[in-house]
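Novice: One structure coming up, written as C-alpha cells, with questions to follow.
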Amino acid sequence: MKNFTMKDENFICENCNQEVLPLGYTARDHCPYCLYSKHLDINPGDRANNCKGLLKPIGIEKFKDTYKIIYKCESCNELHKNVMAKDDNMDLIIELSNIENI
C-alpha cells in the first residue's frame, strides 16, 4: 500500500477501556472488542491527522476475501474504512452487517 507505515502497537481503547495487544501479522488499527478506532492517520500509520476523534463503527462492506469496517468520526464526521482483523468480535461484525445507516 502506498505510504503505509507499519504501526502494530498495543493501546487502551478509548471507547471500552480494554487493553488491545498488537495484531502480529499487520498493523492493529482498531479495537477487536468494540471495533472502535481512532482518527489518527492521514496515510496508514503516519499519525499525522490532527482530529484524533473516535471512529464509530457504522457498517460493513465486502472487500476481496474479507470485509472492511466502515467508520464515522465522532468529531469531524469523516467516513473511514479499516479491514477487519482475524480476532475481531464477530457478533459485532454480524450486527454491523445488518445496519444501513451510512
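The values are calculated or read from the model by the stated rules, or taken from the named source; none is laboratory data. Please read these numbers as outputs of a predicted model, since none were measured by experiment. Neighbour counts run over all protein chains shown; Cβ positions are idealised from the backbone, glycine included. Heavy atoms of the whole protein, side chains included, go into the accessibility calculation; ligands, DNA and RNA do not. Shrake-Rupley method; radii C 1.70, N 1.55, O 1.52, S 1.80 Å.
Novice: Give the residue, chosen from Phe4, Phe11, that is aromatic (Phe, Trp, Tyr) and touching a residue at least 40 places away in the same chain (Cβ under 8 Å). Working first, answer last.
Specialist: On the way: Phe11 fails: touching a residue at least 40 places away in the same chain (Cβ under 8 Å).
It is Phe4.
Novice: For region 35-65, name all the residues that are of a type in the set (A, V, I, L, M, F, W, C) and open to solvent by 20 Å² or more (accessible area, probe 1.4 Å).
Specialist: As a first pass, look at region 35-65 and keep what is of a type in the set (A, V, I, L, M, F, W, C): 35, 40, 42, 48, 51, 54-55, 58, 60, 63.
Listed by number, the residues that qualify are Leu40, Ile42, Ala48, Cys51, Leu54, Ile60, Phe63.
Novice: Oh, and also: Can you list the strands (runs of 3 or more DSSP E) found entirely within region 35-102 that contain at least 1 residues being touching a strand residue (DSSP E or B) at 6+ places or on another chain (Cβ under 9 Å), hydroxyl-bearing (Ser, Thr, Tyr) and over 19 Å from Leu23 (Cα atoms)?
Specialist: Working: elements: 54-63, 66-73, 79-83.
Once the strands (runs of 3 or more DSSP E) in region 35-102 are filtered for at least 1 residues that are touching a strand residue (DSSP E or B) at 6+ places or on another chain (Cβ under 9 Å), hydroxyl-bearing (Ser, Thr, Tyr) and over 19 Å from Leu23 (Cα atoms), what remains is 66-73.
Novice: Which condition number does Lys72 fail, the rest of (1) touching a Pro at 6+ places or on another chain (Cβ under 9 Å); (2) at pLDDT below 95; (3) basic (Lys, Arg) being met?
Specialist: (2)
Novice: Would you please name the residue that is nearest to Leu92 (Cα to Cα), looking only at residues in region 5-54 that are of a type in the set (Asp, Glu) and over 14 Å from the mean Cα position of the chain (by Cα)? Break it down stepwise before answering.
Specialist: Step one: list which residues in region 5-54 are of a type in the set (Asp, Glu), which gives 8-9, 14, 19, 29, 41, 46.
Going one step further and asking which of them are over 14 Å from the mean Cα position of the chain (by Cα), we end up with 19, 46.
Working: Glu19: 18, Asp46: 28 Å.
The residue in question is Glu19.
Novice: Scan region 69-100 for residues that are out of contact with any Phe, Trp or Tyr (no Cβ under 9 Å at 6 or more places or on another chain), more than 16 Å from Cys34 (Cβ to Cβ) and open to solvent by less than 90 Å² (accessible area, probe 1.4 Å) and jot them down.
Specialist: Ser75, Cys76
Novice: Among the residues of region 1-34, how many are out of contact with any Cys (no Cβ under 8 Å at 6 or more places or on another chain), part of a loop (DSSP other than H, G, I, E, B) and either of a type outside the set (A, V, I, L, M) or open to solvent by 60 Å² or more (accessible area, probe 1.4 Å) (or both)?
Specialist: 21
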